[in-house]
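A quick write-up on the structure given underneath.
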Amino acid sequence: MLSVRVIPCLDVNKGRVVKGVNFVDLIDAGDPVLAAKAYEKQGADELVFLDITASSEGRGIMRDVVARTADQCFMPVTVGGGLRSSEDIRAMLNAGADKVSLNTAAVQNPDLVSDTSSFFGNQCIVVAIDAKRRKDADGWTVYTHGGRNDTGRDAVEWAREVVRRGAGEILLTSMDRDGTKDGYDLELTRAVSEAVEVPVIASGGVGNLQHLADGILKGRASAVLAASIFHFGTYTIAQAKDFLASQGIPVRRV
Amino acid sequence: MEKKPKLAIIDYGMGNLRSVLRGWQAAGAEAFLVRSPADIARADALVFPGQGAIADCMSLLVKTGFDHSIREWIAADRPFFGICLGLQALFAESEEGGGCACLGVLPGKVVRFRLSPGFKVPHMGWNSVSFRPDVEISKGMDGRQFYFVHSFYAAPADPALVWGRTEYGGVSFASAVARGRCHATQFHPEKSQSGGLQLYTRFLTLI
């Protein structure tokens, strides 16, 4: 049976993990490669690096982080943040990323999704959707630039469009819940999961293990992503999987 | 010190092979990428990691001449390992992209998952493999989980080719095939942590 994926996400700025990672046995809490290895050992099913570096020289540093991770970790790695062109995507895939996630660039140039998914393969192209609940009506709209710009696009419709264009997976973040520890926006997660054929990764708002289970059971997501509950050592990946298993959700054990 | 087995990985220019290369190196091989059929002469084993769309893959194999090398290598029962699209390409044909003739090394065809709503395609993530008990290199690994990402799967015409089976969405498909020293997996051992590397290490003992 296919296991539900538990995916830690590491925010990286200029080659360093933002805020550090609080693992007891980690020598350098800011080193993304060491953090990746620690997560691999804990049984993470995949890993996401989110590059929040603003400058272009930072991109080169990120490629180096990805290359060093790919040399040492034998697990799928997705890289997102600041990828604008098919050249950026190619460079990141060549560095060793298995998938890239596109957000602002996909909204600004939807053909980028079509072109790169047909060339590199659908499985390489993840579209990250940052969505916020509408104030004036039902539904959610898509935000770009780290949640600052409201594009006015409907999130569910946008998900359908990028999948039609060839996206192999959706990384769905609720901007209302991100950082709150109140749990995923389950209505949003379910609306998008049921609208598209490809897997949806739930993201944004996890504060406890029940939230992860809810993302799967109520949100119908294929995978759950979290950052702070894992980084700060609140829970290990193994504890998360034990809990999911106790709720009848299939997980991979190491 | 014992000499490491030399392992050539076919690089036909479709993308990144870094993980595959590092995976085989970690498993104990002297692994290297080859861009021309002439370069495989010094290898003890041949690895074919398929990538991208099947039509592009086949046209590049024909263009580079690797199509002949692969057929000859397998016909001589030399150690061969295909990964993902490298498994699918071994069969006679694929229905991907409206239909495409493949290498025809193994009988059967490659078909798309047709699943009930709720089952996502691509089949993505970790799933377990039931291995045929008589295949040496997977002994003791029955039921282990490996990393998959694919929308198509092979349906071998000869059941004796099936090395491993995996269940997804009510379909039990051939997630690994083998004939003699030719082995191929739909899953990615190089993305499957210790279980994947163990499979690579075991394969090297065939050399």
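Name the single residue that is surrounded by the most Cβ atoms within 10 Å (Cβ to Cβ) among those in segment A:201-217 being within 14 Å of chain B (Cβ to nearest Cβ) and closer than 13 Å to residue A:187 by Cα. Talk me through it step by step, then tell me what you get.
Taking segment A:201-217 first, the residues within 14 Å of chain B (Cβ to nearest Cβ) are A:201-202, A:216-217.
Narrowing the set further to residues that are closer than 13 Å to residue A:187 by Cα leaves A:202, A:216-217.
Numbers: A:202: 36, A:216: 24, A:217: 16.
Only one residue fits best here, namely A:202.
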Count of residues meeting criterion [more than 22 Å from residue A:251 (Cα to Cα), over 17 Å from the mean Cα position of the chain (by Cα), within 14 Å of chain B (Cβ to nearest Cβ) and without any contact (Cβ under 8 Å) to a residue 40 or more places away in the chain] in segment A:34-68: 3
Residues of segment A:116-170 satisfying the condition of being more than 13 Å from chain B (Cβ to nearest Cβ), within 24 Å of residue B:54 (Cβ to Cβ) and open to solvent by 60 Å² or more (accessible area, probe 1.4 Å): A:164, A:165
Close pairs (8 angstrom Cβ cut-off, 6 or more residues apart or separate chains): polar (S, T, N, Q) in segment B:92-107, at pLDDT below 95 anywhere: B:94/B:54
Selection from segment A:69-107 of residues that are open to solvent by less than 30 Å² (accessible area, probe 1.4 Å) and either assigned to a loop (DSSP other than H, G, I, E, B) or charged (D, E, K, R) (or both): A:73, A:74, A:75, A:76, A:81, A:82, A:83, A:96, A:97, A:99
Residue in segment B:186-202 that is at negative phi, in a strand (DSSP E or B), surrounded by 18 or more Cβ atoms within 10 Å (Cβ to Cβ) and within 17 Å of the chain's Cα centre (by Cα) present: yes
Breaking point among (1) within 14 Å of chain A (Cβ to nearest Cβ); (2) over 21 Å from residue A:75 (Cα atoms); (3) buried (at least 20 other Cβ atoms within 10 Å of the Cβ); (4) of a type in the set (Gly, Ala, Ser), for residue B:97: (3)
Where residue B:66 falls short, out of the listed (1) within 14 Å of chain A (Cβ to nearest Cβ); (2) buried (at least 21 other Cβ atoms within 10 Å of the Cβ): (1)
Search result, residues across segment B:130-172 that are within 26 Å of residue B:102 (Cα to Cα) and touching a Ser or Thr at 6+ places or on another chain (Cβ under 6 Å): B:131, B:146, B:147, B:164, B:165, B:166
Matching residues, segment B:132-181, being in a strand (DSSP E or B) and acidic (Asp, Glu): B:167
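Can we say residue A:173 is of a type in the set (Ser, Thr, Tyr) and surrounded by 21 or more Cβ atoms within 10 Å (Cβ to Cβ)?
When the stated conditions are applied, residue A:173 passes them.
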Residue B:9 being touching a helix residue (DSSP H, G or I) at 6+ places or on another chain (Cβ under 7 Å), more than 11 Å from chain A (Cβ to nearest Cβ) and of a type outside the set (D, E, K, R): yes
Qualifying position, being crowded, with 23+ Cβ neighbours inside 10 Å, of a type in the set (Asp, Glu) and more than 23 Å from residue A:109 (Cβ to Cβ), among A:178, A:185: A:185
Candidates B:149, B:171, B:129, B:162, filtered to the one that is open to solvent by less than 40 Å² (accessible area, probe 1.4 Å), more than 27 Å from residue A:168 (Cα to Cα) and either more than 10 Å from every other protein chain (Cβ to nearest Cβ) or under 16 Å from the mean Cα position of the chain (by Cα) (or both): B:162
Residue that is open to solvent by 10 Å² or more (accessible area, probe 1.4 Å), within 14 Å of chain A (Cβ to nearest Cβ) and either within 15 Å of the chain's Cα centre (by Cα) or not basic (Lys, Arg) (or both), where the choices are B:41, B:31: B:31
Check on residue A:227, at pLDDT below 95, more than 14 Å from chain B (Cβ to nearest Cβ) and touching a strand residue (DSSP E or B) at 6+ places or on another chain (Cβ under 7 Å): yes
Conditions (1) within 14 Å of another protein chain (Cβ to nearest Cβ); (2) over 16 Å from the mean Cα position of the chain (by Cα): number failed by residue B:50: (2)
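The values are calculated or read from the model by the stated rules, or taken from the named source; none is laboratory data. This structure is a prediction, so every number in the text was calculated from the model and none was measured. Positions of Cβ are backbone-derived with ideal geometry, glycine not excepted, and every protein chain shown enters the neighbour counts. Areas reflect the complete protein model, heavy atoms only, side chains present, ligands, DNA and RNA absent. Shrake-Rupley method; radii C 1.70, N 1.55, O 1.52, S 1.80 Å.
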